[in-house]
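Participant: Just passing along the structure, written as structure tokens.
The values are calculated or read from the model by the stated rules, or taken from the named source; none is laboratory data. Please read all numbers here as calculations on a predicted model, not as lab measurements. We place every Cβ from the backbone using ideal geometry, glycine too, and count neighbours over all the protein chains shown.
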Amino acid sequence: MIAIGGTIGTGLFLGSGTTISKTGPSILLVYLVLGFFFFLMMRAIGEMLYSDPSQHTFVAFITRYLGPAAGRFTGWTYWLGLTFCGMAELSAISTYVQFWFPTIPAWIIQLVFLGTLASVNLIAAKIFGEAEFWFALIKILAILALIVTGIFMMTSHSVTPLGHASFQNIFHNFSMFPHGGLSFISAFPMAFFAFLGIEFVSITIGESTTPHRIIKKAVNETLLKILIFYFGAMIVIMGIIPWTHLTPQSSPFVQVFKLAGLPAAAAFINFVVLTSASSSLNSFIFSAGRHFYQIADELPSDSWLHQHFATISKNGVPAAAIKVSALLLLITPLMSLTNGTSAVFTIVAGSSNDMYIIVYALAMLAHRKYRESSDFLPNGFKMPWYKVTSPLTIAFFAFIFITLFFIPQDIIGAIGAIVWTVVFGGITYFHQRSMVSADANN
């Protein structure tokens with residue numbers, strides 16, 4: 001539920017209209033390819049976690065197998081990415097609430113939701129899991145409602161203002177690249193970012209009572225369930241609404257329920273995306289807290305960050321790390337009081353999203369080092385066809401990053417990710433070298 005809650009969000013409920021309008025029915029192929037490579041990445045992370053389930057995040061393995069500099073760079077990069085994604089979700093939440101209560105200031109809504117979900121995370125991991133279960137369940141029920149409604153309409157050939165609902169609509173006048181090869185390629189990064197958060201399930205393993213059993217079950221089943229939900233939703237949407245009639249401006253879910261004779265569809269979907277954004281924010285706070293704890297824990301024991309943030313509360317959660325992550329999210333309500341920082345936020349958020357690709361690639365490189373180490377378990381939970389699938393997955397992440405430069409709105413973010421990697425990565429590397437030299441001289 002945590003992985004589903006972190007992955008299925010506004011990218012499906014609101015953004016699927018954009019991806020379908022770009023590629024038509026071939027969007028199914030895009031999600032199939034992405035699902036395959038995300039499954040391989042999760043198997044690589046799962047294999048390392050199976051060998052040492054005591055680790056709180058997969059970044060610990062990057063530190064162990066690629067070195068402290070790479071680990072520190074990845075930890076800070078991933079943590080910042082999580083917090084900026086959390087800010088984006090917090091901004092979205094206020095927009096969805098104002099659908100019903102337009103007079104309430106956005107900053108008040110954001111403070112209420114941030115305070116509530118931060119408190120949920122501070123109480124206990126079990127409470128977080130319970131909240132995330134119900135958040136994810138609402139999303140799943142909405143998707144199942146869409147699929148059941150769509151199947152009924154298609155099997156009964158229901159008449160709509162756009163014609164008859166039918167499976168034949170999906171491949172009627174089919175074209176692999178209806179708007180050209182570039183539109184097809186640009187759908188990959190859009191769909192890629194819809195999968196962000198699937199690795200959240202790995203962050204919960206260390207707090208599970210039966211980690212080895214959970215690792216296998218979660219990794220093997222999660223992606224299949226997500227693909228079923230995405231595939232099922234996409235097939236139903238295109239079966240009821242000919243893909244040539246879908247527009248990016250409106251949620252396909254709203255359009256389907258309206259055609260099914262449910263005039264309250266807009267309000268219903270607004271409720272679903274509100275819970276979806278709340279679910280994502282809940283997951284981002286949980287994950288950011290664990291990652292900040294990991295950053296502090298890997299620093300020398302006499303450092304200020306280690307002493308203050310590498311601690312576990314009586315409730316069994318990294319409370320101090322969760323609090324500092326939540327405090328950073330307070331930037332969002334401050335931004336809501338002024339419009340001057342919105343452009344900067346857009347650029348920074350775009351860059352942080354693009355840096356996820358770099359983080360995922362480093363996780364795959366760490367897995368390759370793990371395979372060469374004495375920690376490797378020949379009888380463990382192994383990544384399938386490793387010698388072929390590992391380099392293919394890394395090459396695919398490189399392909400996704402390159403495609404960002406073909407999309408005008410993603411170019412700034414991609415350049416920002418490169419600048420961050422070169423500058424901060426370089427500073428981290430040389431700082432680590434200076435520390436090693438100082439230790440050698442002493």
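Participant: Can you confirm whether region 363-374 contains a residue that is modelled with pLDDT of 90 or more, surrounded by fewer than 21 Cβ atoms within 10 Å (Cβ to Cβ), not in a helix (DSSP H, G or I) and not hydrophobic (A, V, I, L, M, F, W, C)?
Facilitator: Looking for residues that are modelled with pLDDT of 90 or more, surrounded by fewer than 21 Cβ atoms within 10 Å (Cβ to Cβ), not in a helix (DSSP H, G or I) and not hydrophobic (A, V, I, L, M, F, W, C), one finds at least one in region 363-374, hence yes.
Participant: State all residues of region 218-259 that are within 16 Å of GLY163 (Cα to Cα) and among the hydroxyl-bearing types (Ser, Thr, Tyr); if no residue qualifies, say none.
Facilitator: THR244
Participant: Any idea which of THR63, THR57 is in a helix (DSSP H, G or I), under 20 Å from ALA361 (Cα atoms) and not aromatic (Phe, Trp, Tyr)?
Facilitator: From the options THR63, THR57, the qualifying one is THR63.
Participant: In region 247-282, how many residues are closer than 23 Å to ALA92 by Cα, surrounded by 19 or more Cβ atoms within 10 Å (Cβ to Cβ) and among the aliphatic types (A, V, I, L, M)?
Facilitator: 8
Participant: Could you go through region 327-338 and let me know if any residue there is modelled with pLDDT under 90, more than 22 Å from the chain's Cα centre (by Cα) and not in a helix (DSSP H, G or I).
Facilitator: yes
Participant: Would you mind stating whether GLY316 is without any contact (Cβ under 8 Å) to a residue 40 or more places away in the chain, surrounded by fewer than 17 Cβ atoms within 10 Å (Cβ to Cβ), more than 30 Å from ILE104 (Cβ to Cβ) and not charged (D, E, K, R)?
Facilitator: No, not satisfied.
Participant: Under 7 Å between Cβ atoms, at least 6 apart or on separate chains: pull out the pairs that start in region 51-70 with a residue that is among the aromatic types (Phe, Trp, Tyr) and end on any residue that is outside any helix (DSSP H, G or I) and at pLDDT below 90.
Facilitator: From region 51-70, the pairs are PHE58/GLU199; PHE61/GLN55.
Participant: Let me ask something else about it. Report, by residue number, each residue of region 136-166 that is in a loop (DSSP other than H, G, I, E, B) and either surrounded by 14 or more Cβ atoms within 10 Å (Cβ to Cβ) or within 30 Å of the chain's Cα centre (by Cα) (or both).
Facilitator: Matches in region 136-166: SER158, LEU162, ALA165, SER166.
Participant: Related question: Which of the following residues is surrounded by 21 or more Cβ atoms within 10 Å (Cβ to Cβ) and farther than 25 Å from TYR293 by Cβ: THR63, THR23?
Facilitator: THR23
Participant: Would you mind stating whether LYS216 is loosely packed, with under 15 Cβ neighbours inside 10 Å, in contact (Cβ under 8 Å) with a residue 60 or more places away in the chain and closer than 30 Å to ALA44 by Cα?
Facilitator: In short, yes.
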